Amino acid sequence: MSVKLSLAGRRRGTEHLFSPPEGPLPWLRRISEWFETQHGELIESTHLGTGPLGAPMLRLRLHPAAGEVAFLATSGAQVSVSAETSAVGPGYHLFLCDTLKDLGEALDLVWAGGRSTAKPGDPTGYFHTGDAGPVDVHMLASLQEAVGQVLRMRRLGESGFALSMRFGHTFEYPGALLTPLGPRDARWLMDVYADPRRGIDVFPWWTPGIHASTRLNRARCRLWTDVVWRTPLLEDERRLLRDVARLLEQAWREDPTLPYPWREWQEVLGFLGVGGTLAEEVHRRASAAAGGPPVGYRRGEVQVALPEGWEIRIPGSLAEAHLQDGTWVARDHRRSVRFVPLGDGGADSLTPTFVERRAMDLEHHGERVSGRASLRVGPGECRLTALCTSGRRRALCVVSFDDPDEQDWALGTWRSLDHAAAA
């Protein structure tokens, strides 16, 4: 029972024929610009494209643990908004509702439903009534239901559960349940199912407002799910590390008593090459911090969802990119993995030649995927080239590496290829 906003609005005055509305795309651009101006520091990503039946759609992500807020413009006069808020917490729900009301005031938008009674558009009722009391109740009920489902599946022998984690990556990390704020054990599951208030720590944004704990938890979500633990290769990685460092510093200066991830903060500053008084203080705190497993799912292996239903397991430290020709690439300073489904744009230039196919003397037959590969190991260049098949699907995987001793890793990466649709 997730908590989901589903709202509809109309531009004021567009019911008159003599006042034609602007087109849907310019309207959505104005909505995007308003968010950038009012809440630019909270925007994780923004995308203007198409939604159901080809209608223009704006998708915004306002928190690293949140799903996208989707604005669908059915015309230049009408817009619908949908967003799930239970992954982040009551503070986020209140913020988003208040922000949408401010958007309505700024862009002359009238939301359907009155303020006197709760409407289906907000199951908590807050958007229409202004009463924040029921929001906590709905969030805790959603958490209790999710934990109950996990407990039932665990009793059936299942494992590998995640709560509120974004699609695309499955982290191989110990724990009964992975969350954006770290793993939870079986004891936590049972305690929360008995009393969901004992699970408040799983919500990144519990209390209303933007304050030190809000910023700290945004940083912690990124440390757990997004940061790759090495010197940045790409500008996007460097920008992410700078943002994490900024959030931690802002939170600390506002409230230095919170439980900061000092060791990981020190790593981030080291990757950025940042020194000075603050770095010295972080180093001092990190040296005195308690031990235990470090924060960061991407320190281990990651199962990545690839185009056309394929999946692959790679080290979490590899930087990933989807290229315009359909190729997916993951790499670090000494290794790279390239994948492209055959028949997609760009595949022809990567398809092995006749001579290369004759050299494919390695075979692999998995439960759903079979393949043949050639492995070439030489000074300065090591490369595995594989053709993979799953039913009628075919794909090419090329693994390159500098160190000949890593050929077992290259073979394991190729053999980890799977195809979910074939299951």
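If I filter the stretch 43-60 for residues that are touching a residue at least 40 places away in the same chain (Cβ under 8 Å) and part of a loop (DSSP other than H, G, I, E, B), do I get at least one hit? Within the stretch 43-60, none of the residues are touching a residue at least 40 places away in the same chain (Cβ under 8 Å) and part of a loop (DSSP other than H, G, I, E, B). Residues in the stretch 266-283 that are in a helix (DSSP H, G or I) and without any contact (Cβ under 8 Å) to a residue 24 or more places away in the chain: 8 in all.
Within the set Leu234, Leu258, Leu272, the sole residue that is of a type in the set (A, V, I, L, M, F, W, C), closer than 30 Å to Trp414 by Cα and either assigned by TED's automatic domain parsing to the domain that holds Phe167 or in contact with a His (Cβ under 9 Å, 6 or more places away or on another chain) (or both) turns out to be Leu234.
Inside the stretch 183-204, residues that are closer than 16 Å to Ala65 by Cβ and surrounded by fewer than 20 Cβ atoms within 10 Å (Cβ to Cβ) make up a count of 3.
Taking each residue of the stretch 214-231 that is free of Cβ contacts under 8 Å to residues at least 24 places away in the same chain and looking for partners that are basic (Lys, Arg) and assigned to a helix (DSSP H, G or I) with beta-carbon atoms closer than 8 Å, six or more apart or interchain, yields nothing. When Ser159 is tested against (1) in contact (Cβ under 8 Å) with a residue 40 or more places away in the chain; (2) over 28 Å from Thr214 (Cβ atoms), just one condition goes unmet, and that condition is (1). Checking the conditions here, which among Ala290, Ala286 is more than 26 Å from Glu235 (Cβ to Cβ), assigned to a helix (DSSP H, G or I) and aliphatic (A, V, I, L, M)? After ruling out the rest, the residue left standing is Ala286. Tell me, yes or no, whether the stretch 102-112 has at least one residue that is at pLDDT 90 or above, of a type in the set (Gly, Ala, Ser) and either under 20 Å from Arg11 (Cβ atoms) or not in a loop (DSSP other than H, G, I, E, B) (or both). Taking every residue of the stretch 102-112 in turn, at least one turns out to be at pLDDT 90 or above, of a type in the set (Gly, Ala, Ser) and either under 20 Å from Arg11 (Cβ atoms) or not in a loop (DSSP other than H, G, I, E, B) (or both).
Looking at Ala65, Ala87, Ala83 in this structure, which one is out of contact with any helix residue (DSSP H, G or I) (no Cβ under 8 Å at 6 or more places or on another chain) and either surrounded by 18 or more Cβ atoms within 10 Å (Cβ to Cβ) or not in a loop (DSSP other than H, G, I, E, B) (or both)? Going through Ala65, Ala87, Ala83 in turn, just one is out of contact with any helix residue (DSSP H, G or I) (no Cβ under 8 Å at 6 or more places or on another chain) and either surrounded by 18 or more Cβ atoms within 10 Å (Cβ to Cβ) or not in a loop (DSSP other than H, G, I, E, B) (or both): Ala87.
Filtered by the rule that a residue be part of a helix (DSSP H, G or I) and surrounded by 21 or more Cβ atoms within 10 Å (Cβ to Cβ), the stretch 253-265 gives Glu264, Trp265. In the stretch 325-338, the residues that are touching a residue at least 60 places away in the same chain (Cβ under 8 Å) form Cβ pairs under 7 Å with partners that are polar (S, T, N, Q) and assigned to a loop (DSSP other than H, G, I, E, B), at six or more places apart or across chains, as follows: Asp332/Ser317; Arg338/Thr327.
Among residues of the stretch 275-296 being in contact with a Leu (Cβ under 7 Å, 6 or more places away or on another chain) and not assigned by TED's automatic domain parsing to the domain that holds Asp226, the one that is surrounded by the fewest Cβ atoms within 10 Å (Cβ to Cβ) is Val295. Scoring Thr385 on the criteria (1) surrounded by fewer than 17 Cβ atoms within 10 Å (Cβ to Cβ); (2) modelled with pLDDT of 85 or more; (3) not aromatic (Phe, Trp, Tyr) leaves a single failure, condition (1).
From the residues in the stretch 342-375 that are closer than 18 Å to Gln407 by Cα and among the hydrophobic types (A, V, I, L, M, F, W, C), which one is modelled with the lowest pLDDT? Of everything passing the filter in the stretch 342-375, Ala359 is modelled with the lowest pLDDT. Applying the condition of being within 16 Å of Val88 (Cβ to Cβ) and not in a helix (DSSP H, G or I) to the stretch 124-145 and asking which residue is farthest from the chain's Cα centre (by Cα) yields Ala132.
In this structure, does Thr207 turn out to be outside any strand (DSSP E or B) and either in contact (Cβ under 8 Å) with a residue 12 or more places away in the chain or under 18 Å from Ser142 (Cα atoms) (or both)? First the steps, then the outcome.
Numbers: outside any strand (DSSP E or B): yes; either in contact (Cβ under 8 Å) with a residue 12 or more places away in the chain or under 18 Å from Ser142 (Cα atoms) (or both): yes.
When the stated conditions are applied, Thr207 passes them.
Is there a residue in the stretch 305-319 that is loosely packed, with under 14 Cβ neighbours inside 10 Å and under 23 Å from Phe167 (Cβ atoms)? Working first, answer last.
From the stretch 305-319, those loosely packed, with under 14 Cβ neighbours inside 10 Å are none; that's our starting set.
Scanning the stretch 305-319 turns up no residue that is loosely packed, with under 14 Cβ neighbours inside 10 Å and under 23 Å from Phe167 (Cβ atoms).
Being modelled with pLDDT under 90, touching an Asp or Glu at 6+ places or on another chain (Cβ under 8 Å) and of a type in the set (A, V, I, L, M, F, W, C) is a property that Ala330 lacks. Can you spot a residue in the stretch 9-20 that is surrounded by fewer than 20 Cβ atoms within 10 Å (Cβ to Cβ), at pLDDT below 95, of a type in the set (Gly, Ala, Ser) and in a helix (DSSP H, G or I)? No, the stretch 9-20 contains no residue that is surrounded by fewer than 20 Cβ atoms within 10 Å (Cβ to Cβ), at pLDDT below 95, of a type in the set (Gly, Ala, Ser) and in a helix (DSSP H, G or I).
Scanning the stretch 407-417 turns up no residue that is surrounded by fewer than 20 Cβ atoms within 10 Å (Cβ to Cβ), modelled with pLDDT under 90 and either under 32 Å from the mean Cα position of the chain (by Cα) or over 17 Å from Ile312 (Cβ atoms) (or both).
The values are calculated or read from the model by the stated rules, or taken from the named source; none is laboratory data. Computed from a predicted model, the values in this text were never measured in an experiment. Glycine gets a Cβ as well: all are built from the backbone with ideal geometry, and neighbour counts include every protein chain shown.
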